Amino acid sequence: MFFEEQIIFKNTNINEVVLGMLNRINVSINEVEKFFPNLYLRCPEELFYFLKAKVKYRKDPPGKELIMKLSTFVKNNYEGDCDDFTVISISLLKYFGFSKIFVKLVGNKATSPSHVYCIVYDYCTNAFVPFDLTNERYGDERYYKYYQLIEV
């Protein structure tokens with residue numbers, strides 16, 4: 001069951017979804033301390049594996065695009081899809097001071113992205129690294145024909 005405090009789109013418009021994600025990121029940054037008061041990170045890789053151990057992938061209901069803020073995601077037992085994983089990842093990365101972050105929209109059709117995740121500058125490796133919680137390992141990235149980067 002999904003809880004309140006999520007944005008629901010019935011007719012998916014990618015611009016609205018991206019704006020919804022940015023809104024949920026900004027709201028979620030203010031919730032990090034409440035849910036992770038003792039978390040300390042040196043590198044994005046540490047956050048990746050911390051979250052990877054918690055998150056569970058679950059598709060949105062048919063015909064709807066849901067975007068959760070951090071508190072809703074936690075109440076839903078860390079279950080969500082790629083846009084929820086991206087919102088939570090970016091919120092925590094920004095909270096912990098990692099500022100060079102991009103949302104990466106990808107797909108095999110130019111007009112309709114099918115997946116989203118973030119790219120973060122990792123100061124420990126001095127490189128931009130894919131941060132996709134649907135993958136098993138930090139830095140892994142699947143190939144898609146088309147992509148778009150949006151700085152956040």
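The values are calculated or read from the model by the stated rules, or taken from the named source; none is laboratory data. Model, not experiment: these values are computed from the prediction. All Cβ positions, glycine included, derive from the backbone under ideal geometry; neighbour counts span all protein chains shown. Just so you know, the surface numbers come from the protein's heavy atoms only, side chains and all, with ligands and any DNA or RNA stripped out. Shrake-Rupley method; radii C 1.70, N 1.55, O 1.52, S 1.80 Å.
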With F73, F36 as the choices, which residue is open to solvent by less than 60 Å² (accessible area, probe 1.4 Å) and touching a Gly at 6+ places or on another chain (Cβ under 6 Å)?
F73
Out of contact with any Gly (no Cβ under 6 Å at 6 or more places or on another chain) and at pLDDT below 90: is that true of I14 in this structure?
yes
Qualifying positions in region 39-51 - assigned to a helix (DSSP H, G or I) and without any contact (Cβ under 8 Å) to a residue 40 or more places away in the chain
E46, F50
Return yes when K104 is surrounded by fewer than 18 Cβ atoms within 10 Å (Cβ to Cβ), of a type outside the set (S, T, Y) and within 14 Å of the chain's Cα centre (by Cα) and no when it is not.
no
Tell me, yes or no, whether region 81-88 has at least one residue that is of a type outside the set (K, R), surrounded by fewer than 17 Cβ atoms within 10 Å (Cβ to Cβ), in contact with a helix residue (DSSP H, G or I) (Cβ under 9 Å, 6 or more places away or on another chain) and modelled with pLDDT of 95 or more.
no
Of everything in region 124-141, what is open to solvent by 40 Å² or more (accessible area, probe 1.4 Å), in contact (Cβ under 8 Å) with a residue 24 or more places away in the chain and either among the basic types (K, R) or not in a loop (DSSP other than H, G, I, E, B) (or both)? Give them in sequence order.
F128
Which residues, taken from region 79-123, are farther than 20 Å from P61 by Cα and without any contact (Cβ under 8 Å) to a residue 24 or more places away in the chain?
G97, S99, T111, Y121
For region 52-123, give me every one of the strands (runs of 3 or more DSSP E) that falls completely inside it and has 3 or more residues that are of a type in the set (V, I, T).
101-107, 115-122
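Residue-wise test of (1) over 17 Å from K34 (Cβ atoms); (2) of a type outside the set (K, R); (3) out of contact with any Lys or Arg (no Cβ under 6 Å at 6 or more places or on another chain).
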residue	(1), (2), (3)
Y49	yes, yes, yes
K54	no, no, yes
Y57	yes, yes, yes
T72	no, yes, yes
N76	no, yes, yes
C82	yes, yes, yes
